[in-house]
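Here is the structure we will look at, set down as structure tokens.
The values are calculated or read from the model by the stated rules, or taken from the named source; none is laboratory data. All figures in this text were calculated on a predicted structure; none of them were measured in a lab. With ligands, DNA and RNA removed, areas are computed over all heavy atoms of the protein, side chains included. Shrake-Rupley method; radii C 1.70, N 1.55, O 1.52, S 1.80 Å.
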Amino acid sequence: MAKLWSAKNIGRFSGATALVGAGTTGVGVATVLGSLLRAAMSYTTVDDGPDPLLAPPAVAPRRSTVTTADGAVLNVLTYGPDAADSTGDIVVMVHGWTCNTDYWLPQINHLLATDPGRTIVAYDQRGHGDSTMGHARTTADLIGRDFNAVLGAVLPAGRKAVVMGHSMGGMTIQTWAQQFHDQVPQQLSHVLLVSTAAEQVLQRLSIAPSSLPKFAEPFRVLTGWLVASTPAPTPHIAGGEKVIQYVAMADRVRAAHLEFVDEMVTACHPVARASCGSALAHLDALSALDVLAVPTTVVVGSEDKLLPPLQSDIIADRLRRNGFLHDYVVWEGIGHMASIEAGAEFNELLDAVLGRRAGELAS
């Protein structure tokens, strides 16, 4: 017995146990991913031609950069007149995880056509699009400070912005508000939080299909963590577009929308995807909803699996309790990429927000 429980044999036993545990984990994760892949194959597209809202804008933007304290160089695009010459509030757009400024093309094209006197600003989050990563470890607070740096560069003193953030962009606005709450009523007139969350990002994912075997259920969160935080290139495989559709869009979308989203998401650098994904897994921005003291509109699609409607319910309820909720909109049959999938509807909503604000300024 003494020989059996020697340090050497205990080490062997522990190693074997670890291998069994790793094997079980691998089977669990593989089962989750396999179930997801099978479910994705049932998703469909409608090929009804290109979407004009996704075309490159007829007017080229003015490019500038904002350098953060840790050396990240953020790519900033400005459309329309200079802020000093524009009318109304500036519109500032903050894209989500694995996206870039192109995410907002449906809104940029719409505003350029209908409101040419307005200044529109969009920027690439660190490591995304044409922005660099910087030297600091990425955290939710850090991307909030990035937003503060951009806002300080593009918003003249005494002017306000209508700010909209999709997914990570909505989280960015919230973590900014936590850190710079005194600036919220001074710099913002309205916030649109689109397909986003304030906490427990991984715990509330609903990408695992309902057909997932019971034994694999405990591996849902781990699988989400591995996908979000592993800096591996996005493989271009047969059916890859369907996987992106399953995760980020509705079960039936326009082919032009899926092609656009697939190209944008797969272009994201794996290091940026992993560093930001890891940071957002630890997001705790609920307290931002107590200091986001401007009218705020919350938007989500009923088929959003990445940040399901439960996340927006929590945000809207807290904003309502604090007296800051302007509107809560849930679009049936729309996935995570809400302002692309429902571009025309979103633009109508944006027009209503801007029109309301114009009325306030005129009175």
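Classify the stretch 242-307 as rounded, prolate or oblate, taking a ≥ b ≥ c as the square roots of the eigenvalues of its Cα gyration tensor: rounded when a/c is under 1.5, otherwise prolate if a/b is larger than b/c and oblate if not. Walk me through the numbers on the way to the answer.
Values: a/c = 2.50, a/b = 1.42, b/c = 1.76.
Oblate, because a/c is 1.5 or more while a/b does not exceed b/c.
Surface analysis of the chain yields an accessible area of 43 Å² per residue, using protein heavy atoms and a 1.4 Å probe. Based on Cα contacts under 8 Å between residues 6+ apart, the chain shows a relative contact order of 21 percent. Among the protein heavy atoms of the chain, carbon and sulfur supply 59% of the accessible surface, probe 1.4 Å, non-protein parts ignored. Seen through its C-alpha gyration tensor, with square-root eigenvalues sorted a ≥ b ≥ c, the stretch 209-363 comes out prolate because a/c lies at 1.5 or above while a/b is bigger than b/c. Look at the Cα gyration tensor of the chain: its axes a ≥ b ≥ c give a/c of at least 1.5 with a/b over b/c, and that counts as prolate.
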